[in-house]
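Everything below concerns the one structure shown next.
The values are calculated or read from the model by the stated rules, or taken from the named source; none is laboratory data. What you see is a predicted model, and the numbers here were worked out from it, not measured in a lab. When we count neighbours, we look across all protein chains shown, and the Cβ atoms used for this are built from the backbone with ideal geometry, even at glycine. Heads up: the accessible areas ignore ligands, DNA and RNA and are worked out on the full protein's heavy atoms, side chains in. Shrake-Rupley method; radii C 1.70, N 1.55, O 1.52, S 1.80 Å.
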Amino acid sequence: DERLAVTDTRKAPWRMVCHLLIQDTRGVMHTGTGWLAGPSTVFTAGHNLFDGSRGHAASRIAVLPGRKASQAPNGQWLTTAFDVHPLWRTRARTEVDIGVVWLLRPVDQSFGWFGFSVQPDSVLRGLPVRCAGYPDDKRPFGTQWFGDSPIHVASPQQLAYGLDTMPGQSGSPVFAQDAAGRAVAVGVHVYGAVRENLAVRISQPIFDTLSRWWR
């Protein structure tokens, strides 16, 4: 386990990584991670919000950007506005396991948010990336952790890497820094496997969906 704790979640980009507390339509609570990508836009994994195979559909979501255990240094939002990719909702296609949560009150522009972009295979293969989120196994509950790894495989629809992750981190941004030092996501972490973990790659079709969701 090579994950490291984030010590100051008031700084960028950590304050833009959100802990999601999700109550489903049966009243059961779930956890996940999302990331601010616009003043009112939080992207995450689709299965955090809707999972037909498990009868899970969100009813309301608490969003805590940069949560630090029992503290919410950057505020918190409660919302019922969300969506998932239509092919995730109807067919549970893993390559489109993405979703969005909309804040009813936007963050201030000075707060900042992640960029997201489409990158070619030549850039992604071997690219050092970081994944930050809120794993359920770490204590105290609600602390943010991150790991670093190069991308090992860049397939047309997924990215594979050696980042350590656990349940609760689904929806975390897989991101790098651009030339100006800004955090830019290239994938949405969705699954953990024995040897490698996987993200939905921000391909052009995924980028187009995220752009339609942007607010």
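Tabulated values for the structure
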quantity: Stretchable slack from F207 to R26, in nm (0.36 nm times residue separation minus alpha-carbon distance); calculated: 61.9 nm
quantity: Residue-normalised accessible area of the chain, expressed per residue, 1.4 Å probe, Å²; calculated: 45
quantity: Solvent-accessible area, 1.4 Å probe, carbon plus sulfur percent, for the stretch 1-98; calculated: 49
quantity: Long-range amide H partners of R215 with built H, under 5 Å; calculated: S40, T41
quantity: Among 93-104, 3-14, the order from most to least packed when residues are scored by Cβ within 10 Å on average; calculated: 93-104, 3-14
quantity: Listed residue (M166, L210, P128) projecting farthest to the positive dipole end of the chain, Cβ model; calculated: L210
quantity: For mean projected area of the Cα convex hull in nm², calculated from these coordinates, the label among [x] 12.0; [y] 19.2; [z] 10.9; calculated: [z]
quantity: Charged-residue dipole, Cβ positions (Lys, Arg, Asp, Glu), the chain about Cα centre, Debye nearest 20; calculated: 460
quantity: Helix-only [θ]222 nm of the chain, DSSP H runs n ≥ 4, -39500 (n - 2.57) each, per residue, nearest 500; calculated: -2500 deg cm²/dmol
quantity: Farthest toward positive dipole pole in the stretch 1-70 [+1 Lys/Arg, -1 Asp/Glu at C-beta], among L64, T44, L20; calculated: L64
quantity: Cα-based shape type of the stretch 103-148, given that a ≥ b ≥ c are square roots of the gyration tensor eigenvalues and the cut on a/c is 1.5; calculated: oblate
quantity: Relative contact order %, the chain, counting alpha carbon pairs below 8 Å whose residues are six or more apart; calculated: 23
quantity: Burial order of peptide ranges 173-186, 33-46 (average beta-carbon count within 10 Å, highest first); calculated: 33-46, 173-186
quantity: Virtual spin-label span in nm between Q157 and R10, 7 Å along Cα→Cβ; calculated: 4.4
quantity: Cα gyration tensor category, rounded, prolate or oblate, for the stretch 110-190 with a/c compared to 1.5; calculated: oblate
quantity: Farthest positive-ward along the chain dipole, Cα basis, beta-carbon charges - from T33, T7, A81; calculated: A81
quantity: Charge dipole (debye, nearest 20) of the stretch 25-127; +1 at Cβ of Lys and Arg, -1 at Cβ of Asp and Glu; calculated: 300
quantity: Global form of the stretch 155-215, assessed from the alpha-carbon gyration tensor, a/c cut-off 1.5; calculated: prolate
quantity: Formal net charge of residues neighbouring V190 (Cβ-Cβ distance under 13 Å; K, R +1; D, E -1); calculated: -2
